[in-house]
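I have placed the structure first, in the form of structure tokens, so that the comments after it can refer back to it.
Each reported figure results from applying straightforward, stated rules to the coordinates on display, with no laboratory input. These numbers come from a predicted model, not from an experiment. Please note: Cβ atoms are built from the backbone with ideal geometry, for glycine as well, and neighbour counts cover all protein chains shown.
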Amino acid sequence: MSPNQPLPQKENAVFKKILRCYENKQYKNGLKLAKQILSNPKYAEHGETLAMKGLLLNCLRRKDEAYEHVKRGLKSDVKSHVCWHVFGLLQRSDRKYDEAIRAYRNALKCDSDHIQILRDLSLLQIQMRDLEGYKETRHKLFTLRPTQKASWIGLAMSYHLLDDHEMAVKLIDEFLKIQNKTSYDYEQSELLLYELQIIFESGNYVEVLQRMDHNAGLIYDKLSLMEMRAEVYLRLEKFDLAEKLYNELITRNPENKAFYYGMMKARCLDKDEDKVAMLEEFSKKFPRAQIPRRLPLNMSSGETFRSLVDDYMRRAITKGVPPLFVDLKPLYADPQNVKIIEELIEMYLQNLVISSTFESAGGDGAELQPVTSVVWTLYLACQHFDHIGDTKRALELVERAIEHTPTLIELYLAKAKFYKHAGNMIGAVQCLDEAQALDTADRYINSKCAKYMLKAKLLDEAEAMCAKFTRENVSAMENLNEMQCMWFQTECANAYSKLNRYGDALKKCHEVDRHFVEIIEDQFDFHTYCMRKTTLRSYIGLLRLEDVVRGHPFYFKAARIAIKTYLRLHDHPLNDKKAEQDQLESTLSKSELKKLRSKQKKAQEKVRQDEKENKDKKVANDDEKLEDTLNPEKLERPENPLEEAIRFLKPLQELSPKNIETHLLAYEIYMRTGKPLLMLQCLKRAHRLQPDHPQLHVCLAHFVSKVANQDLTGPVGAVVEKQLSSLLSGKQKSAKDLNSDFLQQHRDSYAHAVAAATVLYELDKTKQSEALKLLNFEADPLIKHGVTRERCEEVMELLESGAFGAIGDAEYLKAFKNSCARRFPLAEVFQATGVISAPRPASADATADRQISQDV
Amino acid sequence: MPQKEAPADEESQQKKIAKHDASNAADLEKVTDFHEEQELSGGDLETALKAITEKRNKEVQKRVEHLKKLAAVKINKEDVELIMRELEIPRLKAETCLRQAYGDVVQALLDLIDN
């Protein structure tokens, strides 16, 4: 023990017992023992005991006391590795990893060979992905304890993670030699497979094969072994052997796509018709298998496609497969396929009505169909017409289907979706509410309904809807956050930002971000667990997944909203609360003011009540996580909004670099921080992905005009000049010329016309009428595509927000709206009465509703 | 009568769920349990260790040489600061990149932008 404050034998024995208690999670017993030592006035300030007491308190979630004790311990015995180690453990439990590493390093200064401290340090290093540091620590552990399994495996892993396959394999080889087990041992089997995986990744397939043959008897995961062997045969071009194995694998599981693709490679099939023939062969062999029927649709066209998809759809309709359309949707990328599918659907519809068959009498398919076939065909047909943009026909068909079978919930879902696609969220919500009422125990429909409500900005109603399924006595919002229900939170953020409630929107985005923090944090325990259990293949898989977990679409969506919101707050910062209120109040009439006051009072009361409740809760359960709460009012008044935006951007740049939006968002941020090279970097990355993207053109023109106005010298100037000329393919152009060339090149696309108009006005404010002319899609016969509802809504927003300046001609806006309304008759935003905002019943009603639903 | 039975049934079901939750929680708890490391015995530890140590020494030597080579490149402090400022990256990364470009600041910037 500590040489600075030695304990006599009896106390020392007690101290050792404390350590044991901590390891065995007997925290309360440990505290009692600590008291035994500390109550003796001679040892009241014994550093290591104080530190251990702090650690135990921390495990019992008494954080403040814990820190106090540990700090006191450190003060009285600053040379003790125990005190520093404990301090590090405390920091680590608070997720302050850098501080924890520093504390461990201090502990190692006191005792450089302490195994447990080195182990804890290595855990933090792998968690932080300090791979070099991890390797060094692992090596140290290895030299200190070569007799332990973990030393060998840990070091091998550290080399594997640094792509030093040779060293990793060498370590495992030597370890297996020492261990030398011949009887059944699952851990050894896993280790052997892990070793094979490393060699496979290094590309030495011959060796994989040799080792497989040698160790086949010791490996018990036969499926993995077979899969790897087949893959190796392919890489080594031993096609006959590969074919034999894939045959076996398909027989084991005829529903695994990968096996069929492997088989195609094994048979060296290049032509699509050969592949289709092969799949047909397997379809005959396994008549109940789905995959060999579905796959050929991806690789056929023309008459072959017609006969295959005909057969596929008929089976599904007769059987009644609800997701048939979703299954077929990927095939719509080819316009020829769309035509064929449509012709078939029309034929079914006609014949089912006349003769209850798919084909007119005399054909092969003149089999009598069950009644349900009619409704499933109608269901497929309406989704088809919605997808190709014929909303009218889609709605007609779905009405016919509902008339036929009014109890089929899918139909209402489909109808709601059509309304959504047409830009009519109110109608969509009504449909879904109806669907939801048909089966209130169906959580899928309940969630869908809530989601649509959020899209219609009906926040309170959505929460009340969700509350039917969330835990009682907790608000639905809170419960869904706890359950990491990210779709809900992202939709909430979207709704809030549409309602200009920036703080609330940001709160939701930060909550989503915190889920990802937590998911990453959750790895920690597995660093020791997987090593002990030798489940190394899964462990490596976990590490690789966690490295890219923020590449998930959930993160992208939340980050996009957050970035856009912060940009908006940068451009138009909010006043402080008081001034804002005064301003608001000055515009209100007396009665309105009165209403507002009573509302405020109520809100305050609620806050007070919530606080009280929270306090009660905290007392009730101690282990409630003490996290700094997200305060919307603070969030919408950030000190540096661009810095906050960059925080959300970084993971996108790292993990979603293939999405052009990442770089366009990044440009929006960096053009505000005024860093030319970073702007250039965004342009280059976006240009590589899609050089003719309309928004990229806007950014590029902005950059060109800005650089032209600004004399850049030195290295920065040189780099800009060099890169810009490659972006403009060697030509020197002014922003103006760039814009007119761009417009000429994409004359038939509305998306590009909008971009060009934006640039035109941005460069020269006197060109307003010319720009507005470009936006008028009805008057321009050259525009052939790109007039979508979403884009028109965007343009409307731009016009209304003054992005094209004050529009002198009031008729213009009206006329634009009218032409949109003609094109998109169902969309709410283009209706003549102005922007229809969703009717928002008072929140009191929503709470009342919830009460009732809970009572029921 | 059946009315009376229903809540009792519910209760037992709840208990079942609670029990299930508890065993799940216990399983999760086990993940963080403390385990003594087992010692290996038998086998030729000496030879194995020797083989590994030799390999490791070679690797360390190689790395030291690489670092020496990089460190030999002369770099300008102002250039490092320019890179840090313009691209908002940490000093270490800026320095390494500048060294890899043999001290040519324009080349270093181009490399950084291009990836």
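Cut-off under 15 Å on the C-alpha distance; same-chain residues fewer than 8 positions from residue A:32 excluded. Which aspartates and glutamates are left, in chain and number order?
A:11
Based on the alpha-carbon set only, what is the convex hull volume of the stretch A:9-199 divided per residue, in Å³? The partial results should precede the final answer.
Values: hull volume 27.4 nm³, N = 191.
Given the Cα convex hull of the stretch A:9-199, per-residue volume reads 144 Å³.
Hey, which of these cross-link pairs are over 18 Å Cα-Cα: A:455/A:557; B:62/B:93; A:28/A:63; A:392/A:417; A:457/A:634? Each step should come with its number before you reach the end.
Working: A:455/A:557 14 Å; B:62/B:93 21 Å; A:28/A:63 15 Å; A:392/A:417 13 Å; A:457/A:634 23 Å.
Violating the 18 Å Cα-Cα cut-off are B:62/B:93; A:457/A:634.
Rg to Rh for the stretch A:313-401: what is it, with Cα atoms only and Rh by Kirkwood? Walk me through the numbers on the way to the answer.
Working: Rg = 12.5 Å, Rh = 13.2 Å.
That ratio is 0.95, to two decimals.
As I understand it, the dipole of chain A uses +1 on the Cβ of Lys and Arg and -1 on the Cβ of Asp and Glu, about the Cα centre. Which of A:446, A:85, A:378 lies farthest toward its positive end?
A:85
To the nearest 0.05, what FRET efficiency results for residue A:281 and residue A:206 with a Förster distance of 35 Å applied to their C-beta separation?
On the way: r = 32 Å, r/R0 = 0.91.
It comes out at approximately 0.65.
Apply 1/(1 + (r/R0)^6) to the Cβ-Cβ distance of residue A:355 and residue A:319, taking R0 = 22 Å, and write down the FRET efficiency to the nearest 0.05. Could you put the intermediate results ahead of the total?
Working: r = 20 Å, r/R0 = 0.92.
Efficiency for this residue pair is about 0.65.
Gain in length, residue A:268 to residue A:571, computed as 0.36 nm per residue apart minus the alpha-carbon separation, to one decimal in nm?
Working: separation 303, 0.36 × 303 = 109.08 nm, distance 5.89 nm.
Roughly 103.2 nm would be gained on extension.
At what distance in nm do the modelled label points of residue B:111 and residue A:163 sit from each other, each positioned 7 Å from its Cα along Cα→Cβ?
For residue B:111 paired with residue A:163, the spin-label model returns 1.6 nm.
Angle between the Cα long axis of helix A:676-689 and the longest principal axis of chain A, 0 to 90 degrees, nearest 10?
In chain A, helix A:676-689 runs at an angle near 60 degrees to the longest axis.
With charges set only on the Cβ (+1 for Lys and Arg, -1 for Asp and Glu), what does the dipole of the protein assembly as shown come to about its Cα centre, in debye to the nearest 20? Let's see the in-between values first.
On the way: 146 positive and 151 negative charges, 474 e Å.
In total the dipole reaches around 2280 debye.
Is there a simple number for the mean count of other chain Cβ atoms within 10 Å of the Cβ of residues in B:48-60, and what is it? Please report the intermediate quantities before stating the final value.
On the way: counts 10, 5, 1, 5, 13, 4, 0, 7, 9, 0, 1, 5, 1.
Average per residue, whole number: 5.
So which trypsin sites (Lys or Arg not before Pro) in the stretch A:154-194 are both in a DSSP loop and have at most 16 other Cβ atoms within 10 Å of their Cβ? Mind showing how you got there, number by number?
On the way: sites: A:170, A:177, A:181; in loops: A:181.
For trypsin sites (Lys or Arg not before Pro) across the stretch A:154-194 that sit outside H, G, I, E and B with at most 16 neighbouring Cβ atoms in 10 Å, the list reads A:181.
Exactly which GluC sites (Glu not before Pro) in the stretch A:725-828 are in a DSSP loop and have at most 16 other Cβ atoms within 10 Å? Numbers along the way, then the final one.
Numbers: sites: A:762, A:770, A:778, A:790, A:793, A:794, A:797, A:800, A:811, A:828; in loops: A:778.
For GluC sites (Glu not before Pro) across the stretch A:725-828 that sit outside H, G, I, E and B with at most 16 neighbouring Cβ atoms in 10 Å, the list reads A:778.
With charges only on Cβ, +1 for K and R and -1 for D and E, what is the dipole size of the stretch A:528-572 about its Cα centre, in debye, rounded to 20? Kindly include the intermediate steps, with their values, before the conclusion.
Details: 9 positive and 3 negative charges, 32 e Å.
Once rounded to the nearest 20, the dipole reads 160 debye.
Projected onto the charge dipole of the protein assembly as shown (+1 at Lys/Arg Cβ, -1 at Asp/Glu Cβ, origin at the Cα centre), which of B:102, A:254, A:769 gives the Cα projection farthest towards the positive end?
Of the options given, the answer is B:102.
Once label points are set 7 Å from the Cα along Cα→Cβ at both residue A:129 and residue A:601, what is their separation, rounded to one decimal in nm?
The modelled label-to-label distance comes out at 5.6 nm.
About its Cα centre, what dipole magnitude does the stretch B:63-115 give when the only charges are +1 on Lys and Arg Cβ and -1 on Asp and Glu Cβ, stated in debye to the nearest 20?
Working: 9 positive and 10 negative charges, 78 e Å.
That gives the stretch B:63-115 a dipole magnitude of about 380 debye.
Estimate the FRET efficiency between residue A:469 and residue A:223 by the formula 1/(1 + (r/R0)^6), using the beta-carbon distance for r and 35 Å for R0, to the nearest 0.05.
Numbers: r = 38 Å, r/R0 = 1.08.
Here the calculated transfer efficiency is 0.40.
Determine the gain in length on full extension of the stretch residue A:44-residue A:728; use 0.36 nm per residue of separation and subtract their C-alpha separation, reporting nm with one decimal. Working shown, then result.
On the way: separation 684, 0.36 × 684 = 246.24 nm, distance 7.56 nm.
Stretched fully, the residue A:44-residue A:728 segment lengthens by 238.7 nm.
What distance in nm separates the two pseudo spin-label positions at residue A:248 and residue A:706, each 7 Å out from Cα along the beta-carbon direction?
Once both label points are built, they end up 6.2 nm from each other.
Could you work out the Rg to Rh ratio of the stretch A:207-279, with Rh taken as the Kirkwood radius (inverse of the mean 1/r over all Cα pairs)? Please list the in-between numbers first.
On the way: Rg = 12.9 Å, Rh = 12.8 Å.
Across the stretch A:207-279, the Cα-based Rg/Rh ratio is 1.01.
What does the extension gain come out to for residue A:776 and residue A:634, with contour length at 0.36 nm per residue minus their alpha carbon separation?
Details: separation 142, 0.36 × 142 = 51.12 nm, distance 4.19 nm.
In short, 46.9 nm is gained.
Which of the GluC sites (Glu not before Pro) found in the stretch A:347-443 are loop residues per DSSP with 12 or fewer other Cβ atoms within 10 Å of their Cβ?
Values: sites: A:359, A:367, A:396, A:399, A:403, A:410, A:434; in loops: A:359, A:367.
Passing both the DSSP loop test and the Cβ count: A:367.
How far, in degrees from 0 to 90, does helix A:524-533 lean away from the longest principal axis of the Cα atoms of chain A, to the nearest 10?
70
What do you get for the angle between helix A:409-421 and the principal long axis of chain A? Use alpha-carbon atoms, 0 to 90 degrees, nearest ten.
Roughly 80 degrees between the two axes.
As a test of the definition: which semi-axes, in Å, follow for the stretch B:30-115 when you take the square root of five times each eigenvalue of its alpha carbon gyration tensor? Largest first, please.
On the way: eigenvalues 379, 90, 18 Å².
Taking √(5λ) for each Cα gyration eigenvalue gives 44, 21, 9 Å.
Tell me the Rg and the Dmax, in Å, that the Cα atoms of chain A produce.
Cα radius of gyration and Dmax of chain A are 33.4, 106 Å respectively.
Farthest toward the dipole's positive end in the protein assembly as shown, which of A:826, A:7, A:670, given Cβ charges of +1 (Lys, Arg) and -1 (Asp, Glu) about the Cα centre?
Checked the options; the winner is A:7.
Residues in the stretch A:641-664, backbone N under 18 Å from the label point at residue A:519 (7 Å along the Cα-to-beta-carbon vector): list them, ranges by number please.
A:648-659
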